[in-house]
Structures are given as C-alpha cells and as structure tokens.
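As structure tokens, the structure follows; a few thoughts come after it.
A short reminder: the numbers here are calculations on the coordinates, not readings from a lab. A quick note: this is a predicted structure, and the numbers were derived from the prediction, not measured. Note that each Cβ is placed from the backbone with ideal geometry, even for glycine, and that neighbours are counted across all protein chains shown.
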C-alpha cells in the first residue's frame with residue numbers, strides 16, 4: 001500500500017477545511033488547489049531531497065502574503081520536510097526544519113490574525129509531521145524486510161548451488177572410483193590370468209615338441225588353439241577395460257606435465273558425457289602431438305588447451321603464443337599433408353574418427369584445431 005499517497009490525501013482534505021475556515025475567495029481557492037496539487041506532486045513524490053523541500057517551503061511562505069489560500073500548502077510542505085532524506089549534516093537539518101515549522105505557523109497567525117485558525121493549522125501541521133515520521137519508519141521497515149528477503153533468497157540460491165556442486169563432486173568421485181576399479185581389474189587380469197595362460201601356452205608348445213603320438217598331437221593342437229583364442233579374448237578385454245578407465249580431463253592434465261616449466265598452461269575441459277574409446281584415443285593423440293609440437297618449436301610462454309563437447313561434435317583446440325619460422329614453413333602448401341610428421345599424425349587421427357583438423361599461424365601464435373563428430377563411424 002502507498003502510505004505516502006494516503007497521508008497526502010489526508011493532509012489535503014484537512015487543508016481544504018482550513019481554507020474554508022480562513023474564508024478565501026473563489027479565485028484564491030482555485031490558486032490554492034493548483035499550488036496544493038503542485039506541492040503534492042513535487043514536494044512528496046518526485047523528490048525527497050532536504051534541499052528541494054526547504055526551497056519549496058520558502059517559496060510557499062513567500063507567495064502566501066499575496067495569496068492567503070496558499071496557507072493550505074503549509075502542512076504539505078511540513079510533510080515534505082519531515083519525510084525528506086537528511087544530508088550528512090543531520091543536526092543542521094533538524095534545526096532548519098524546526099525553524100521553518102515555527103516560521104510557517106507564525107506566518108499563518110500573521111496573515112489570519114485568528115488564534116483559532118492558527119491552532120487549527122498547528123493541529124494539521126502536527127498531523128503532517130506525525131504521518132511523515134510514521135510513514136518514514138514504515139518505509140524503512142519495509143526496506144529492511146525486503147533486504148532480508150533478498151538475502152534469504154540469495155542464501156537459498158547459494159545453498160542450492162552448493163548442493164548441486166556437492167552432488168556433482170560426489171558423482172565425479174564415484175566416476176573416478178569406478179575408473180580406478182576398472183583399471184585395477186584390467187591390471188590384475190593382465191598380471192595374473194594373462195601370465196598364467198601365457199605360461200600354459202609355452203608349456204603346451206614344449207609338450208608338442210616332445211610328443212610323438214599323432215592322436216595326442218591333434219588334441220594338443222586343439223588345446224593350443226583354444227588357449228590362443230582365450231589369450232586373445234583376455235587381451236581384448238584388458239585393452240577395453242583400460243580404455244574405459246581413461247578420463248579425458250585427467251589424461252589431458254597428465255599430458256601437459258611433459259611441457260617445459262616456462263609455459264603457463266590453461267586447460268579447459270567442458271565434458272558432459274563420457275566419450276567412446278576411439279574418440280578418447282583420437283582426442284588424446286591429437287593433444288599429445290600438439291604438445292610435442294609446442295615443446296619442439298614454440299618460442300612462447302603461454303599455452304591454452306580446450307576440449308569442448310557440443311551436441312554433435314567434439315572440439316579440440318591447442319594454442320600457444322610463440323612464433324617460429326620453422327612452423328611457418330610447415331604451413332606452406334598443403335600443410336597437413338606436406339608438413340611435419342606431427343601435423344600429419346594429427347590430420348590422420350582426426351580423419352580416422354570422421355573429423356578434420358586445421359592449423360593457423362600468425363603474430364599471436366600457433367593454433368591447432370580439430371573437430372570430431374560424436375557419432376563417428378569406424
């Protein structure tokens with residue numbers, strides 16, 4: 001509810017009653033209405049500055065001797081004074097307000113010469129001051145409540161964001177633990193089962209050499225074939241488990257450790273879903289080749305690596321701020337075909353996943369970019 005507007009209506013009605021008590025002419029009544037309306041608009045709505053309120057009050061007091069009907073604007077002026085925002089000199093503001101209030105009341109008595117009218121004006125002005133203070137307190141309380149509400153809402157948003165972060169970290173921990181477990185299982189299969197089958201295969205070969213019975217030899221060949229198939233299956237399973245256990249973000253951070261210490265490396269991996277093993281191999285292979293190129297040729301000191309997952313493709317970007325004539329030489333002609341072996345490997349890896357790679361060299365450094373479709377065919 002707009003309490004300020006309600007206050008002004010109350011003061012306006014009481015001021016009109018005062019006007020009739022004073023006994024103004026019709027012209028004065030008309031002028032008083034205009035001035036009162038202006039006071040309502042300009043004194044209490046458009047600006048609540050103490051300087052503006054003091055100026056408007058002085059103007060009303062200067063006009064009142066010529067148009068006594070303007071006296072009804074005095075309570076409104078007092079309301080504006082009481083409701084205006086104080087300046088840094090609070091004590092001086094209070095003194096000025098008190099002096100102007102006494103001056104307005106004195107002018108009412110001077111112009112009307114009627115103690116009853118003066119008392120009525122004092123009553124209305126006291127009401128205006130009371131309403132201004134009361135509304136000011138209510139406004140400050142409302143502002144405080146809104147501030148607390150905003151703080152509570154911000155705290156709620158922060159708590160929600162923190163909860164989401166905790167959930168995300170928990171998911172990442174579970175995902176990392178799963179990858180470590182897969183890697184452990186693959187290692188154990190390779191170290192234990194793989195080695196035992198390899199030993200059995202070697203023993204079978206030795207038995208086949210010393211065996212003279214053809215029937216036994218055929219059975220031994222069958223067993224050897226079965227063991228070879230089993231070993232091939234184990235190797236394939238171990239390889240797949242190992243590839244599944246690779247996290248692209250972690251692997252990228254491992255790769256950049258091979259860069260010389262002079263480089264300031266910024267890595268950004270925006271990955272929402274795990275990549276398939278072939279795509280992982282392409283991404284990491286491209287980054288390895290690009291990092292090797294930087295280590296060998298770059299004269300800069302800053303490196304930025306990005307692996308970003310989009311809806312339909314992966315984007316790999318490796319950029320450094322160094323300049324090197326030898327790298328510029330690689331860009332002559334069909335650079336991905338006639339350049340260095342590293343650039344050829346990058347192009348080949350991107351093509352093997354159905355993507356493409358490009359390089360750019362300029363004053364701001366050297367950039368390698370590759371895009372790989374998410375649904376690449378083998």
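Here the calculated FRET efficiency for residue 313 and residue 225, from their Cβ-Cβ distance with R0 = 41 Å, stands at 0.40, rounded to the nearest 0.05. Counting only DSSP beta bridges whose two residues both lie in region 248-373, roughly 75 percent are antiparallel. Spin-label model, residue 278 to residue 133: label points 7 Å out along the Cα-to-beta-carbon direction sit 8.4 nm apart.
With r defined as the distance between the Cβ atoms of residue 62 and residue 141 and R0 fixed at 30 Å, what FRET efficiency is calculated, to the nearest 0.05?
That pair, residue 62 with residue 141, gives E of 0.25.
Each label point was placed 7 Å from the Cα along the Cα-to-Cβ direction; for residue 200 and residue 166 their separation is 5.0 nm.
By counting other Cβ atoms within 10 Å of each Cβ, how are 196, 76 ranked from fewest to most? Working shown, then result.
Values: 196 10, 76 28.
Neighbour counts put them in this order, fewest first: 196, 76.
I'd like the FRET efficiency for residue 188 and residue 159, computed as 1/(1 + (r/R0)^6) with the beta carbon distance as r and R0 of 45 Å, rounded to 0.05.
Details: r = 43 Å, r/R0 = 0.95.
That pair, residue 188 with residue 159, gives E of 0.55.
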